[in-house]
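Below: one structure, written as structure tokens.
The values are calculated or read from the model by the stated rules, or taken from the named source; none is laboratory data. Fair warning: this is a prediction, and the values are worked out from it, not measured in the lab. Because the Cβ atoms are built from the backbone with ideal geometry, glycine has one as well, and the counts that use them run over all protein chains shown. Keep in mind that these areas ignore ligands, DNA and RNA; they rest on the heavy atoms of the full protein, side chains included. Shrake-Rupley method; radii C 1.70, N 1.55, O 1.52, S 1.80 Å.
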Amino acid sequence: KKTIKGRKLRAKSILKYGSDFSGMDAPARALKRLGVRAKHEFASDINASCKTYTSSTFAPAIFYDNIRLRNHATAPAVDLYVFGAPCQPFSSNGNGLG
């Protein structure tokens, strides 16, 4: 457990977070490295490799293959929402010239 001036830090609750255009889900990795108690409620990415990586590494409760088809009204409520805009130079949907 982490401490500040000899006092143990203890989270009183678990942070619920969701990510869109998740890619390799750097925010999930950051939360884990910071020791934040978190539950990955949902993720999304259209790329199959990203889905495989994120699903096996961070185990989101729900994975949306295509954000355009998601019913946003039924998506889980979260404390933290993060997204990464698609990286067009590297995306297979972009120019792929990155």
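Odds and ends about this structure:
- Members of region 12-36 that are open to solvent by 40 Å² or more (accessible area, probe 1.4 Å) and closer than 16 Å to residue 65 by Cβ: 21
- Residues that are open to solvent by 40 Å² or more (accessible area, probe 1.4 Å) and among the hydrophobic types (A, V, I, L, M, F, W, C), drawn from region 37-62: 38, 46, 48, 59, 61, 62
- In region 67-84, the residues that are open to solvent by 90 Å² or more (accessible area, probe 1.4 Å) form Cβ pairs under 6 Å with partners that are in a loop (DSSP other than H, G, I, E, B), at six or more places apart or across chains, as follows: 83/21.
- Of the residues making up region 23-50, those that are of a type in the set (D, E, K, R) and over 8 Å from the mean Cα position of the chain (by Cα) are 29, 32, 33, 37, 39, 41, 45.
- Region 33-62 residues that are within 11 Å of residue 20 (Cα to Cα), paired with ones that are open to solvent by less than 40 Å² (accessible area, probe 1.4 Å) and assigned to a helix (DSSP H, G or I) (beta carbon under 9 Å, 6 or more apart): 43/28; 43/50; 43/54; 43/58; 44/67; 45/54; 45/67; 46/67
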